[in-house]
1. What are the residues in the stretch 41-92 that are within 14 Å of the chain's Cα centre (by Cα), small (G, A, S), surrounded by fewer than 21 Cβ atoms within 10 Å (Cβ to Cβ) and not in a loop (DSSP other than H, G, I, E, B), if any?
2. Restricting attention to the stretch 135-164, and to residues there that are out of contact with any helix residue (DSSP H, G or I) (no Cβ under 6 Å at 6 or more places or on another chain) and in a loop (DSSP other than H, G, I, E, B), which single residue is nearest to V190 (Cα to Cα)?
3. Considering each of R176, R171, R182, R148 in turn, give the residue that is over 23 Å from G22 (Cα atoms), at pLDDT 95 or above and within 17 Å of the chain's Cα centre (by Cα).
Amino acid sequence: MTPILEALGLSAGYDESRVLHGVNLIVHPGEVLGLMGRNGMGKTTLIRALVGLLPVREGTVLIDGADAAALPSFQRSRRGIAVVPENRGIFASLSVRENLRLAARPGRGGSGWTETRVLDLFPRLGQRIGNRGNQLSGGEQQMLAIGRALMTNPRLLILDEATEGLAPLMRDEIWRTIGVVRAAGVAAIVVDRTVDAILSVADRVMVLVKGVVVLDGAPAALRADPALMSRYLGVTGCAADAVR
């Protein structure tokens, strides 16, 4: 099965600073990859390089097996990759409906994510359909950012800091949503500090330390090794809420 997205020997950074050092990453259709690591270890930099928002210094990015390193971000998006950025990136002056419709792209075979389907997934957005983006709570903005990404009918959804700063009930709602998206066959890369939640939803986890991949494997391998959890993530086990 050809991977949707693959990075081979990827190095990238900012100005004179190199953040990523020879990163290899692979995501297959329908797979959920949990991207983990302490703050400042290169997770967001990796996402930016994968989607074309940061130039690659060495290595390459493949989409469906084809070299995509030279493609701008909008062309990578057209190949089925959608991003929910850490800052959510919604249009504050547009309504919920306008934010959703602005991103709408037909699903393959006439099916997929429509405005109705997104509002069924997030009933709260239906209740706020006429509200502007800046009138929503943080959790509602995150729902809108995810809904807008789904409106592009992606094959791969990338969520950077999926539940950062959200209240516990809202975090639960976002994790439920990730489960629904996964069940619908959409692959995902999920970055979050809630270790136990990522280990529960991911098919595979990858841990970055100072821009280097130190672990890439099944969640059970990390869950079963408290020493690795402590060393790489700063937690003593899954009972800990988040990476500190």
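1. Result: S77, single match.
2. Going through the qualifying residues, I end up with E161.
3. When all the criteria are applied, what remains is R148.
The values are calculated or read from the model by the stated rules, or taken from the named source; none is laboratory data. For clarity, every value in this text was computed on a predicted model and none was experimentally measured. Neighbour counts are summed over all protein chains in view; Cβ atoms, including those assigned to glycine, are modelled from backbone coordinates with ideal geometry.
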